[in-house]
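Presented below is the structure to which this report refers.
Each reported figure results from applying straightforward, stated rules to the coordinates on display, with no laboratory input. Please read all numbers here as calculations on a predicted model, not as lab measurements. In this analysis, Cβ positions are derived from the backbone assuming ideal geometry, glycine residues included, and neighbour counts consider all displayed protein chains.
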Amino acid sequence: MRRMVLLALLGCAPVVYGQGLPAGVGGAAAVAPSGAPGFTPERIDALMAGDAKDAVAAMAPAFRADKSDAYMDEALAVAYMRLGQFQPARAPMDAAYAATKKPSRALVLNRAMLDTALRTTAPRAVKDLSAYLAGHMEVDELAVNVLGTAIARAAGSTRSFRSSAIFASAVRTYGARNADLESAAAKDTPGMKHWGTQWLTPQQYADLQAREQAAAQDRQAKLSEFEGAQADAAAAETAAREQQVDNQYLQDQLRQSAVIVHQQRQVYRQQQQAATAGPGASTRPAAGAAVPGAAVPVAVNVPAVVQPNLVYDPSTGQYTDSRFPIPPGAYEAALAAQQNSIQADSRLARARAALSQAGPAVPQPQWLNHFDPVWPPEQGQ
């Protein structure tokens, strides 16, 4: 009333809400764009009181981001949000925010809800809402719930944001303001705890802590089993691989021994032929036979009967038994190593499956999964 009297005394016409004041001055909206004639706050309120589809159909054609009417833009964004159409709500919501010097509680909450619902812009909701709560100390359960939800969703956005000072500050702000909620509730119901969006009695909170401890112990036990199985599987695989390398070396030695045995057989046959053929007989070596004194020298201590399994060792000039060129138990050791590796892998698979089925170490609180925007804005001042 005083305002209208003062305007009359000054010779000015009274200003209709939302049509004459700059955006953000006295809570008024910006001048309606020329492309949206007749969208007074009264008409916008009437549209918002009806069906959201009709409100969008009426206001969407009149929206112009470069000529914003903050009140209509916020109304259009809220109408979109009521329909669950969050992506189309971004442009009018950002336009309303940009056109307002000092956003109201409703506008801050509405854009924070929208950013949180879109997930990719949840970090902006964390920043805006934590800044708002830091400057408004009154108890505000809805704002605390929206901030908690935004923090939970923003935590999964990028690692850099989770490690940022903004995120850490927002977590502290949430903790402080959530404590304010509990203190206010304690006046009527002492001991109540606000967990996520839920209120828990002292007994419910004690039960929650017990479940949290049991879940943490169960997960730690399964994690320890998994880590132990992982280490054992790695050790078993290494042992099997080393045994395989050893066996390959032994097999190579066996093949070399077989070649020497064959050569010694040829030498033995030549010596026998030379002994029985008499003077003047041909001493030409048989095809494939070793030449005496060449690749395999002929020892003077050749036994009377050279058995096929005897192997000549040029370094010692002795024949050795080649029937067991691989040490006893070598193949058994290789088989045991492979079996141990298979069993370790099986244990690791079981431990991994058990760990994947283990619940989180800390029971997760319930956050908002449905966002009801604040309208009309006067209710959110």
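When the Karplus curve 6.51 cos²θ - 1.76 cosθ + 1.60 is applied with θ = phi - 60°, which whole-Hz ³J(HN,Hα) does each residue of the stretch 173-186 get, with x for Gly and Pro?
4, 4, x, 5, 6, 5, 5, 4, 4, 5, 5, 5, 5, 5
Within the set 101/187; 53/187; 67/127; 101/193, which residue pairs have Cα atoms separated by over 32 Å?
With Cα atoms farther than 32 Å apart: 101/187; 53/187; 101/193.
Of the peptides 169-182, 205-218, 344-357, how do they stack up when ordered by the mean number of other Cβ atoms within 10 Å, highest first?
Ranking, from highest mean packing down: 169-182, 344-357, 205-218.
Using modelled backbone amide H atoms (1.01 Å from N, in-plane), which distant-in-sequence or interchain residues come within less than 5 Å of residue 198's amide H?
Here 366 satisfy the definition.
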